[in-house]
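Sending over a structure as structure tokens; questions will come in a sec.
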Amino acid sequence: MENRRKFIKKIGTVAALSLIADWASALPVSDKWGKILPQRQLTRDGQKVTALCLGGYHLGFIDNPADAERMVERSIELGVRFFDNARKYVDGRAEEYMGKFLTPKYRDQIFLMTKAPGKTGAEVRQMLDESLKALKTDYVDLWQIHALNTPEDVDNRLKAGVLDAFLEAKQKGKTRYIGFTGHQSPKTHLYLLKKLDELGIELDTCQMPLNVCDPFFESFQHQVLPVLLEKKYGILAMKTMAGGSMMGGRIDTTPKNIKTEDIPDVVAKTELTYANLHQYVYSLPVSSLVSGCRFTHELEANVKVLRNMKKLSESDMKKLEQYAEPYAGMIVENYKRILK
């Protein structure tokens, strides 16, 4: 077992160094809308995506449709070509915005993903149809099983035909690739990967929290990332800023036992900068970083980090981790759960 762990750690390090080396030499390419942000490989067959993906959740919180349109247009101008969404994000408004402002004009130039949180095969099939209608497209590039919470949740969804529905959608051409997401516990991700091994099935992608606090508490980076690399999954990073908690708050609902005002502002209290939070994750072997933005200035700041990205050494990353370590755990990483 120890030898296997060392092997997985070794291939994870090699993959990380390979991606970072590729990063240093990557030049943005262009399409008819302008320069594209640097890209990384997402899938085993070589599909690439921009290393920054615009998250759909925050887009749905924009009340004024004109502001949502400006966000979409600005993201295209800045070179983003990868867009995230999910059925039920803000009661479907997030998908509707993209269906109104993104796909009619840019569908051929973008990589579009959405997710389904349904618990049964019938439910996720209906959600996919609703997503396609809202997004105004015949297919999505990536469809993911959304927000797996516990091993029991995995078992229940498999028994209820959720995986079958996803495989069927891929076979029918309603999605090009399929994956899964979750943010509560690395044990859940590992459990699903084990079940997939038993079934002889490989998915294409996994979306999970990765940030500078993660290594010290219920760590996806240490527990799940090496296994995904071994299986050649595309890795999508989310919660790079812990859902906003690293700045002392969140835009979405916190658990009832956590008061937003009690969350420390990690950036204000340490030597960490906002740019560091993204730089750290980009220096991991991830395919793309999914970041939600409510204002165009947030998007512009995120793009600036990517365009000015510098390779972080191992010592650089360790230093950032040292700043963050005192704040790791349930208060800042309040989306996680400790499973028995």
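The values are calculated or read from the model by the stated rules, or taken from the named source; none is laboratory data. Predicted, not measured: the structure shown is a model, and the values here were computed from it. Neighbour counts run over all protein chains shown; Cβ positions are idealised from the backbone, glycine included.
Count, please, the residues in the stretch 147-185 that happen to be assigned to a helix (DSSP H, G or I) and surrounded by fewer than 23 Cβ atoms within 10 Å (Cβ to Cβ).
Of the residues in the stretch 147-185, 13 are assigned to a helix (DSSP H, G or I) and surrounded by fewer than 23 Cβ atoms within 10 Å (Cβ to Cβ).
Which residues, taken from the stretch 131-146, are surrounded by fewer than 18 Cβ atoms within 10 Å (Cβ to Cβ) and either closer than 24 Å to Lys340 by Cα or over 21 Å from the mean Cα position of the chain (by Cα) (or both)?
Narrowing the stretch 131-146 to residues surrounded by fewer than 18 Cβ atoms within 10 Å (Cβ to Cβ): 133, 136, 138-139.
Within the stretch 131-146, Lys133, Lys136, Asp138 qualify.
With respect to Leu339, determine if the residue is among the aliphatic types (A, V, I, L, M) and either assigned to a strand (DSSP E or B) or under 30 Å from Ile110 (Cβ atoms) (or both). Reasoning before the result, please.
Numbers: among the aliphatic types (A, V, I, L, M): yes; either assigned to a strand (DSSP E or B) or under 30 Å from Ile110 (Cβ atoms) (or both): no.
Here the answer is no, as Leu339 does not meet what is asked.
Matching residues to (1) of a type outside the set (D, E, K, R); (2) touching a Leu at 6+ places or on another chain (Cβ under 8 Å):
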{"position": "Leu112", "(1), (2)": "yes, yes"}
{"position": "Asp138", "(1), (2)": "no, yes"}
{"position": "Asp164", "(1), (2)": "no, no"}
{"position": "Leu203", "(1), (2)": "yes, yes"}
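Just to be sure before I move on: is Gly118 within 21 Å of the chain's Cα centre (by Cα) and either among the hydrophobic types (A, V, I, L, M, F, W, C) or in a strand (DSSP E or B) (or both) in the structure I sent? Write out each step before concluding.
Numbers: within 21 Å of the chain's Cα centre (by Cα): yes; either among the hydrophobic types (A, V, I, L, M, F, W, C) or in a strand (DSSP E or B) (or both): no.
No: the conditions fail for Gly118.
Looking only at the stretch 312-340, count how many residues are of a type in the set (Gly, Ala, Ser) and crowded, with 18+ Cβ neighbours inside 10 Å. Quick ask: steps written out before the conclusion?
Step one: of the stretch 312-340, the residues of a type in the set (Gly, Ala, Ser) are 313, 315, 324, 328-329.
Pick out the ones that are also crowded, with 18+ Cβ neighbours inside 10 Å and you get 324, 328.
Counting residues in the stretch 312-340 that are of a type in the set (Gly, Ala, Ser) and crowded, with 18+ Cβ neighbours inside 10 Å gives 2.
Evaluate the stretch 107-124: report whether one residue or more is within 26 Å of Pro65 (Cβ to Cβ) and small (Gly, Ala, Ser). Before you say what the answer is, go through the steps one by one.
Our first condition is that a residue be within 26 Å of Pro65 (Cβ to Cβ); within the stretch 107-124, this holds for 107-117.
From what is left, the residues that are small (Gly, Ala, Ser) are 116.
The answer is yes; a qualifying residue exists.
Of (1) surrounded by fewer than 17 Cβ atoms within 10 Å (Cβ to Cβ); (2) at pLDDT below 95; (3) more than 22 Å from Phe216 (Cα to Cα), Met309 satisfies all except one. Which?
That leaves (1) as the condition not met.
Being within 16 Å of the chain's Cα centre (by Cα), among the aromatic types (Phe, Trp, Tyr) and over 17 Å from Gly173 (Cα atoms) is the requirement here; does Phe101 meet it? Don't jump to the end; show me each part of the working.
Values: within 16 Å of the chain's Cα centre (by Cα): no; among the aromatic types (Phe, Trp, Tyr): yes; over 17 Å from Gly173 (Cα atoms): yes.
No.
What single numbered condition from (1) closer than 23 Å to Gly179 by Cα; (2) aliphatic (A, V, I, L, M); (3) within 18 Å of the chain's Cα centre (by Cα) fails to hold for Leu37?
(1)
Checking the structure you have, find out if any residue of the stretch 80-90 is crowded, with 21+ Cβ neighbours inside 10 Å, touching a strand residue (DSSP E or B) at 6+ places or on another chain (Cβ under 6 Å), among the aromatic types (Phe, Trp, Tyr) and within 22 Å of Ile235 (Cβ to Cβ).
yes
Here is a further query. For Val227, indicate whether it is surrounded by fewer than 21 Cβ atoms within 10 Å (Cβ to Cβ) and at pLDDT 95 or above.
Details: surrounded by fewer than 21 Cβ atoms within 10 Å (Cβ to Cβ): yes; at pLDDT 95 or above: yes.
It is true that Val227 is surrounded by fewer than 21 Cβ atoms within 10 Å (Cβ to Cβ) and at pLDDT 95 or above.
Let me ask something additional. Which residue pairs have Cβ atoms closer than 7 Å, lie 6 or more positions apart in sequence or on different chains, and pair a first residue in the stretch 272-298 that is more than 27 Å from Asp45 (Cα to Cα) and without any contact (Cβ under 8 Å) to a residue 24 or more places away in the chain with a second residue that is outside any loop (DSSP other than H, G, I, E, B) and of a type in the set (Val, Ile, Thr)?
Thr273/Val267
Something else: Counting only residues that are without any contact (Cβ under 8 Å) to a residue 12 or more places away in the chain and under 12 Å from Leu272 (Cα atoms), how many does the stretch 320-340 have?
Filtering the stretch 320-340 for residues without any contact (Cβ under 8 Å) to a residue 12 or more places away in the chain gives 322, 326, 340.
After this cut, where a residue has to be under 12 Å from Leu272 (Cα atoms) as well, the list is 322.
Going through the stretch 320-340 one residue at a time, the tally reaches 1.
Residues checked against (1) under 12 Å from Asn211 (Cβ atoms); (2) modelled with pLDDT under 90:
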| position | (1), (2) |
| --- | --- |
| Thr240 | yes, no |
| Gly244 | yes, yes |
| Pro285 | no, no |
| Asp316 | no, no |
| Ile331 | no, no |
